[in-house]
Amino acid sequence: MVGLAAIAFGMPAAAVGCDNCGNSSPTHAIGDAGTPTGTGASDATPEATTLDAGTAADATGANDGGVVEASSDAGADGPTACALGDGASGISCGGSCVNPSTDPGNCGACSTVCEAGALCSSGLCQNVAGNLEGLRWQLPCTGPYSTNVCLTEVDGSDQQVLSTTLSGLSEETYLVTLLFRGVVEQKSYDADDAGNAIAEGPDGGSNPQFFVTGGAPAGDGYNIYELQISDPPQTYFLNAGSSNITNTWPLDYEASIPMNAGATVTLSANAIDNEEITNNSAVDGGPILVPGVPPYPLAYDGQFIQMDIVSVTPAN
C-alpha cells in the first residue's frame with residue numbers, strides 16, 4: 001500500500017488549508033519511535049496552514065546575500081581584536097573570539113548571521129544549498145480504501161520527480177547536513193549502508209535507521225522516498241524498514257551528505273499503486289503529530305517528509 005509524493009525546489013510555499021488534518025483519535029508527538037508524547041488535536045481547532053506538496057518553506061536561504069544584519073560588539077574604534085586558538089587573529093563577539101572570515105554566526109562582523117543553506121567565506125555569506133530548505137514530500141489521503149489504508153494521488157500521477165542544482169564555488173565539495181521530519185510507512189530495501197543518520201529532537205529523535213545509503217527497494221507496493229545526488233553519485237532512501245506493516249512511524253533525524261558544487265539534487269516519491277497506510281501509530285492507532293512542522297498542532301491526514309538545512313560546510 002503506498003502513496004505518491006510531490007516535491008519542488010527553491011520556491012516559497014503557497015499556504016493552503018488543511019481541511020482533513022484534524023483527528024479526534026489519540027495522537028502522538030514525534031519522540032522515540034511509536035511513543036505518545038503529544039496531545040490530541042480537536043476538529044474544532046482553527047484551520048491550520050500547511051505547505052503545498054513538494055514546495056519550499058517561506059523562509060529559505062535562496063537569496064543573493066543570505067545574511068541577517070544585527071548589532072556587533074564594535075566600539076568607537078571598531079571591533080576588539082583577539083587571538084584564536086590556532087594563533088590567528090579574530091574579533092571578540094559576545095564574549096567569544098571568532099573568525100569573521102568563516103564564522104556563519106558572525107560573518108564579516110559580529111552577529112551578521114548567514115541564513116540556512118549559506119556558509120561564510122572570506123567574510124561574506126555565500127548561498128550554497130538554500131533552495132533545499134523546507135522541501136516537502138506530501139502524500140495526502142484522498143479517500144478511504146480499507147482499514148488503515150487510504151487512496152492517494154498528487155497531480156493525477158503515481159510518481160513525481162523534481163530536481164534542483166546545488167550552488168557554491170566551482171570544484172568545491174560541501175558537507176550538507178539535512179534534518180528530515182515527518183510521518184511515513186516503512187519500506188523494505190536491500191540497503192548497502194543502514195543507520196548512518198543521527199537522531200535529532202528533544203527525545204533523541206526517531207528512527208535514524210530509516211535512512212540508508214544505496215541498495216534497492218523491494219518489489220512491493222509500499223511507498224518509496226528517495227533522494228539522489230548526481231555528484232558524487234549516490235542514492236539515499238528515507239523510510240527503510242519492513243514492508244507489510246499497517247502502521248506509520250515518525251521521522252526526526254539528521255544526515256550529512258557530501259555534494260559537489262553544481263550537483264543535481266533529485267527528490268522523488270513513488271505511489272506505485274496509489275494507496276498508502278493512513279497516519280496511525282503502532283501504539284493505539286491514533287495519528288502521529290510532528291511538532292514544529294505544519295499542520296501541527298493538528299495531525300497530517302496522510303504521509304509526508306519535510307527536509308530542512310542544518311548546516312553547510314566545505315568538505316575539502
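Readers should treat all values here as calculations from the given coordinates under stated rules, not as data from a laboratory. Bear in mind the structure is a predicted one, so any value in this text is a computation, not a measurement. Cβ coordinates were reconstructed from backbone atoms using ideal geometry, including for glycine residues, and neighbour counts include every protein chain displayed.
Things to note:
Okay, residues lined up against (1) free of Cβ contacts under 8 Å to residues at least 12 places away in the same chain; (2) of a type outside the set (A, V, I, L, M, F, W, C); (3) out of contact with any Leu (no Cβ under 9 Å at 6 or more places or on another chain); (4) part of a strand (DSSP E or B):
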residue	(1), (2), (3), (4)
Asp86	yes, yes, yes, no
Ile91	no, no, yes, yes
Cys107	no, no, no, no
Gln126	no, yes, no, yes
Asn131	no, yes, no, no
Gln138	no, yes, no, yes
Thr164	no, yes, no, yes
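- Single residue of region 127-158 satisfying the filter (in contact with a Cys (Cβ under 8 Å, 6 or more places away or on another chain) and surrounded by 21 or more Cβ atoms within 10 Å (Cβ to Cβ)) that is farthest from Ser170 (Cα to Cα): Cys150
- Some residue of region 251-270 being assigned to a loop (DSSP other than H, G, I, E, B), within 18 Å of Arg136 (Cα to Cα) and either in contact (Cβ under 8 Å) with a residue 12 or more places away in the chain or among the hydroxyl-bearing types (Ser, Thr, Tyr) (or both): no
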